[in-house]
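Below is one structure; the comments refer to it alone.
Read the figures in this text as sums done on the coordinates, not as results from a lab. This is a predicted model, so every value here is computed, not measured. As a convention, Cβ positions derive from the backbone with ideal geometry for all residues, glycine included, and neighbour counts pool all protein chains shown.
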Amino acid sequence: MRLFVALFYTALASTFQIAAQESPVALTAEDYSRAERLLTASTSSLVLGGSVRPTWIDEGRFWYVNRFEQGLEIVIVDPAARKRARAFDHARMAGALNMVSDTTFTAFGLPLRGLEFNAESVEFSVGGMGYSCGLESYLCIESVPYEVMRSGVISPDGSLTAFIRDYNLWVRDLITGQETQLTEDGIQDFGYGTNNAGWVRSDRPVLRWSPDSRKVATFQHDGRGVGMMYLVRTEVGHPEMDAWRYPLPEDSVIFRIHRVVIDVEAPADRRIVRFQMPPDQHRSTVCDHVSCGGTFADVEWSSDGSQIVFVSSSRDHKRAVVRMADATTGEVRDLFEEVEDTFFESGGNWRYLSQSNEVLWFSQRENWGHLYLYDAGTGNLNHQVVSGDWNVDQILEVDEEDRTVLFMGNGREPGDPYFRYFYRVDLDGGDVRLLTPDSANHTVSISPDGQYFVDSYSTPTIPPTTVVRDMQGRVIQLLEQADISRLRAAGWQPPVPFQVKSRDGETDLYGLMFRPHNLDPDKKYPVINYLYPGPQSGSVGSRSFRSAHRDLQSLAELGFVVIELDAMGTPMRSKSFHEAYYGNMGDNGLPDQIAGIRQLGARHTWIDVDRVGIYGHSGGGFASTDGILRYPDFYKVAVSQAGNHDNRNYEDDWGEKWQGLLEEYPDGTTNYDNQANQLLAKNLKGKLLIAHGTLDSNVPPSNTMLVVDALIAANKDFDLLLLPNRGHGFGNEPYMMRRRWDYFVTHLLGLDPPEGYEIGRSSPLVP
C-alpha cells in the first residue's frame, strides 16, 4: 500500500511538472518583440506600391510618391500619353539639396514634408526651411518656409496667403513678401477667422477665398462671456497654466460667429462687409467645428464672387437654414430649411450651382442620404436627384455645363455595405452609373479637366490596386499593384471579416477579427473588444487595406482574439441605424458588441466568451469604462484612455448634437445622467486601468477625475495612469501601449508580462 501511494504521488508530481512545462506562466520579451514587429512603424515600409495619392499639376498630369525596393520615388504620370516615369533624376536632386541644407539625403530618401511639384521646380521643407529646386538646372534656393505656408490659407491663384496676427486678418504676397492688414478691430476673444472650437485650436485662419482670389468669406469669432478651461503643465518651479475659452453644454453663452466678407483690393474703409443678420451659433452640418477638412464649412461662393450661399445651424443641430448673402451689401435672405427630430448633418454634401441658380442639397429625410435640387431663387424643391436604400457619401465634382454629379456612395452594391464606390448621375435625374465596378473600397481623384480619374481600391484582406480610368470607368493605365510579399514574410496575416446580428436579432453588423498566427483550435482564447462608439464614426474605420490596424494584431499575437465591430449608432448606414441611441450616449453600442461577441463564440469553440476585455481611446475610453461598469459580468478587464466620461465636462457641440441640450428635472436629475460613468462606479467588479494626459486640451482630464473620485467613494480598487504634459494623442506612445499589453496579459490571459519591456527600443515608434 505504501509503495502504491508513493508511486501515485510520484506520478502525480511528474504530471504536474509536465503540465507546468507545457503551460507557461509568463510571456517573454521575444513574445512582445514578435507582437511589436506587427505595428505600423514596422510594417508600413514592407508594402511596396501600396499608397498612391495623386497631386494634379496641370490639366491632365499628376505626380505621386511611390515606395519601391530602394526607398521612395516621385513619379509623374501623363494619362493622355499613357506615360509613367520618375519625375526627375533623384540622385542629382539629392545632391543639389545637400549643397544648401544641413542634412544629407540619398537619392530615394528625399524629404517629403511640404513637398510641392510643378513643371519647373520641386519644393521641399527641411527643418522648417523651404527650398525650391529647379528641374533643369538642379539648383536649390531658399523659398517660403514651410511653417509660413502651413499657417496661412493660400488664394486660388496662388498669389496670396491669408493669416492671423494679433487677432486680425492679414494677407502676404507670396511673390514680393509684402504684407497688408485687412482688419483692425480684432481683439482677444473677438478676433477674425479665429480657429477655436474649444476642443481644438489652431493658428490657421478659418475662411474661404472667392474664385477670383479677391475676397474672403470669414467671421469675427465671438468668445466673449464663454467659460474658461484651465490646464497646468508639470515642471520644476512655478507651474505654467494654459487658459482658453471652452464652452460646455451647461453654458448659456457659447461661441458665436459674426459673418463678414473682406474685399482684399478695396480701400480700408470699405473693405469689410458685415452680414445683415444676428451672429450664428458656432455650428456646422459637417463636423463639430466651423472648420472642417481645412476650410470654412457650409460656405459656397458664386462663380463671379457676388453671392455667398451658407448654412446656419441651430445649437442642437436639429435645424439648418440655407441662406444667400450679397457679398457687396451683406443683405441676407433665407432659401429653405431642413429640420430633424434628432440631428441633421450634411457631411458637406451640398453645392451652390451659379449657372442655374440652384442648390444641390443633401438630406436623410427618407432614411438614406440622398441629393435634392432646389431653386435658389424661390427656395422651392425642384426634384430629388437619387433615391433608394443606399447613401451618397461624398460629392466630388459637379459639372454645371453637362449637369452631372460625380460622387462616392456606399450600400448600393452587393457585399460589404461600407465599401465606397464612384458614381455619376445627371442632375435632372436618370440612372446612376457605377464607374468603379471592382468589389472593394475605392479612393478616387479626378483630373482638373474631368477626363480621367485615379482609382485605388482594396479591402482589409486584399492589397491595393491603383489604375487610371477614363470617365466611362474604363481602365486605361495600371499604376501600381501593391506587393505585400515582404509583409507576409514578416508574419503578417489578414484580419477576418465577419457578419453578425445586432441586439434586435435582425440588423446585420460588420466587423474584423484578429487571431494569433499560431491559433490552436483546441485551446480557448480570451477576447479583447476594441471599440470606438462614434457616433460620428465606427470602430473599424476605413475598409481599405492597412498593414496594421493599430495594435490589434499585435495583441492577438500575445494570445488573444481581438474583435472590432461597427455597432448601431454609427454612420454610413441608414439614418435610423445612426440615431439608434440618440439621447442615450451611455448605450455606446455595447449591447451590439456583446451580442456580436456571443455569436462569434457560438461559431468558434476557441473563443472564450467568459474572459472578455475591452479597450478604447477618447470616445472609446468613455465606452470601455462604461462597458465594465454597465456590464460587469461580461467585461472582466478594461483599459480606458482619455475618455469623455461625462459629456457635461466635454465641449458643447459634441454632447448637444448626440445627447441633446442639457435639461435639469425638478428632482435634480438631468437628461445627461444616462451617460455619466461616475454614476456607475459602484458596479465595478473587474480590473480597470484608466489613463489620461494631464494636458489633454481636447478631452480635459477632469472627465477622468470625476470617475476616479466616484471609484474612491465607492471603495473600489482600480489602476490610474496620469501621463504628465501629454495631450490627447498618447494612446500609441510606447509606454502606454506596453502598459496596455501588460494589463491584458496579467488580468485577462493570467500570465506575467516580461518585466520592463520597452516598445520601440530597436526602431523608435512615432505616436
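The table below gives the values:
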{"quantity": "Charge tally in the Cβ shell below 9 Å around F453, where Lys, Arg are +1 and Asp, Glu are -1, F453 excluded", "calculated": "-1"}
{"quantity": "Cα lying deepest toward the dipole's positive end in the chain, options G388, A676, L46, charges on Cβ", "calculated": "L46"}
{"quantity": "Where a label projected 7 Å from the Cα of D173 along Cα→Cβ would reach, residues of the stretch 123-140 with amide N under 18 Å", "calculated": "none"}
{"quantity": "Whether the stretch 428-517 is rounded, prolate or oblate, judged on the alpha carbon gyration tensor where a/c under 1.5 counts as rounded", "calculated": "oblate"}
{"quantity": "Integer Hz, Karplus 6.51/-1.76/1.60 couplings in order for the stretch 211-220, x for Gly and Pro", "calculated": "x, 8, 6, 9, 10, 10, 9, 8, 7, 9"}
{"quantity": "The chain, relative contact order [Cα under 8 Å, separation at least 6], %", "calculated": "10"}
{"quantity": "Above-threshold pairs, the threshold being 20 Å between Cα atoms, out of K687/K716; K318/K657; K636/K682; K636/K657; K318/K501; K575/K657", "calculated": "K636/K657; K318/K501"}
{"quantity": "Table column - 3J(HN,Hα) (Hz), the stretch 92-107, Karplus curve with 6.51, -1.76, 1.60, x for Gly and Pro", "calculated": "5, 5, 4, x, 5, 5, 5, 6, 10, 10, 8, 10, 9, 10, 9, 4"}
{"quantity": "Solution diffusion estimate, µm²/s, Stokes-Einstein, the chain, Kirkwood Rh from C-alpha pairs, 10 °C, viscosity 1.306 mPa s", "calculated": "55"}
{"quantity": "Integer Hz, Karplus 6.51/-1.76/1.60 couplings in order for the stretch 536-553, x for Gly and Pro", "calculated": "7, 7, x, 6, 6, x, 4, 8, 7, 5, 9, 5, 8, 9, 6, 10, 5, 5"}
{"quantity": "Chain lengthening between R34 and S202 when straightened (0.36 nm per residue, less Cα-Cα)", "calculated": "56.6 nm"}
{"quantity": "Between 0 and 90°, nearest 10: helix 734-744 axis offset from the chain longest Cα axis", "calculated": "40"}
{"quantity": "Two-site label geometry, K83 and V475: point separation in nm, points 7 Å out along Cα→Cβ", "calculated": "2.4"}
{"quantity": "Qualifying trypsin sites (Lys or Arg not before Pro) in the stretch 52-125, DSSP loop, other Cβ atoms within 10 Å at most 15", "calculated": "R82, R113"}
{"quantity": "Positive minus negative residues near P494 (Lys, Arg vs Asp, Glu; Cβ under 12 Å)", "calculated": "+3"}
{"quantity": "Model label zone, T342; criterion: amide N under 18 Å from point 7 Å along Cα-to-beta-carbon; scope the stretch 498-523", "calculated": "502-510"}
{"quantity": "Between helix 619-630 and the chain: long-axis angle, C-alpha atoms, 0 to 90°, nearest 10", "calculated": "40"}
{"quantity": "0 to 90° range, to nearest 10: angle between helix 590-603 axis and the chain longest Cα axis", "calculated": "50"}
{"quantity": "Inter-part distance where the stretch 389-407 and the stretch 458-509 are each reduced to a Cα centre, Å", "calculated": "24"}
{"quantity": "Charged-residue dipole, Cβ positions (Lys, Arg, Asp, Glu), the stretch 55-146 about Cα centre, Debye nearest 20", "calculated": "340"}
{"quantity": "Debye, to nearest 20: dipole size of the chain, +1 on Lys, Arg Cβ, -1 on Asp, Glu Cβ", "calculated": "2180"}
{"quantity": "Cα-based reach from K523 at 12 Å (exclusive), listing aspartates and glutamates while leaving out same-chain residues under 8 positions away", "calculated": "D608"}
{"quantity": "Ordering of 98-104, 282-288 by packing [mean C-beta count within 10 Å, highest first]", "calculated": "282-288, 98-104"}
{"quantity": "Packing-based order for 306-313, 519-526, using average beta carbon neighbours within 10 Å, highest first", "calculated": "306-313, 519-526"}
{"quantity": "Cα-based equivalent ellipsoid, the stretch 55-146: semi-axes from gyration tensor eigenvalues, Å", "calculated": "22, 15, 11"}
{"quantity": "Relative packing of 746-756, 573-583, 713-723, which averages over residues the other C-beta atoms within 10 Å, highest first", "calculated": "573-583, 746-756, 713-723"}
